[in-house]
Amino acid sequence: MVHQNSENNSDFSVPLHPSLLRPMLLLGAERELILALGIVAGVFIVSLFQLWAAIFGLVLWAVGAWVLTRAASFDPLLSKTFGRSLRYRTLYKSAATPFAPPRRYGE
C-alpha cells in the first residue's frame, strides 16, 4: 500500500515489515555457517560409528554453535563482511604512517 503525501503528490513512502530488513539467522548465528557446522558435526556423530567420534561431534557442535552465536552478536553478516574485506584488500591497503609508499591501483 502506498501512502501519498497530501502536500506534495510526488513524495510517497512504502512501509516495510521489519522481518525484511533483518539478517537471516538460525539459532542466533549466520544460517550458512551453522548449517555447515551441523553437516560436519553430523559426519562425526553418525557416519564414523565410534563413541569418541560421537563425543567429538557433539563437543564440536556445542562449541561451534556458541562461537558462531557470539560472532553473530557482533556482526550478523560476518562471513560476507570478511569475504568482502579479502576481495578489496589490494585496493585498500593500510598505511599507518605518513611515510608509507604511495598506493598503486590495478595490480
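With a cut-off of 8 Å between alpha carbons and a minimum separation of six or more residues, what is the relative contact order of the chain in percent? Walk me through the intermediate numbers first.
Details: 74 pairs, mean separation 22.0, N = 107.
Relative contact order for the chain comes out at 21 percent.
Calculate, in nm to one decimal, what Leu35 and Phe99 gain on full extension: separation in residues at 0.36 nm each, minus their alpha carbon distance. List each step's numbers first, then the result.
Working: separation 64, 0.36 × 64 = 23.04 nm, distance 4.62 nm.
Fully extending the segment from Leu35 to Phe99 adds 18.4 nm.
Spin-label point model (7 Å from Cα, Cβ direction): what's the Arg89 to Val59 distance in nm?
Taking the simple label geometry, Arg89 and Val59 are separated by 3.1 nm.
What trypsin sites (Lys or Arg not before Pro) does the range 13-107 have in DSSP loop regions with at most 13 other beta carbons within 10 Å?
On the way: sites: Arg31, Arg70, Lys80, Arg84, Arg87, Arg89, Lys93, Arg103, Arg104; in loops: Arg89, Lys93, Arg103, Arg104.
When the trypsin sites (Lys or Arg not before Pro) of the range 13-107 are filtered for loop state and at most 13 Cβ neighbours within 10 Å, Arg89, Lys93, Arg103, Arg104 remain.
Nearest 20 debye, what's the magnitude of the dipole of the range 23-87 about its Cα centre given +1 on Lys and Arg Cβ and -1 on Asp and Glu Cβ? Don't skip to the end; give the middle numbers.
Details: 5 positive and 3 negative charges, 39 e Å.
So the dipole magnitude of the range 23-87 works out to roughly 180 debye.
Given the options Leu20, Leu68, Leu77, which has the most mean-square fluctuation in a GNM of the chain, springs set between C-alpha atoms less than 10 angstrom apart?
Sorting by GNM fluctuation, first place goes to Leu20.
Read phi for every residue in the range 32-46 and hand back ³J(HN,Hα) as whole Hz from Karplus 6.51 cos²θ - 1.76 cosθ + 1.60, θ = phi - 60°, with x for Gly and Pro.
With the stated coefficients, the range 32-46 comes to 5, 5, 6, 5, 5, 4, x, 5, 5, 5, x, 4, 5, 6, 9 Hz.
Mind sorting Ser85, Ser19 by how few other Cβ atoms lie within 10 Å of their own Cβ, fewest first? Each step should come with its number before you reach the end.
Values: Ser85 10, Ser19 7.
In order of increasing Cβ crowding within 10 Å: Ser19, Ser85.
Check Leu26: other-chain or 5+ apart residues with amide H under 5 Å from its amide H, H built from backbone geometry?
Hits under the 5 Å cutoff: Arg31.
Taking the Cβ of each residue in Asp11, Asp75 as the centre, tally the other Cβ atoms inside 10 Å and list the residues starting with the fewest. Write down the numbers at each step before the final one.
Values: Asp11 9, Asp75 13.
Listing Asp11, Asp75 from fewest to most nearby Cβ atoms yields Asp11, Asp75.
Readers should treat all values here as calculations from the given coordinates under stated rules, not as data from a laboratory. Here the structure is a predicted model, which is why all the values come from computation and not from measurement. Cβ atoms come from the backbone with ideal geometry, glycine included; neighbour counts cover every protein chain shown.
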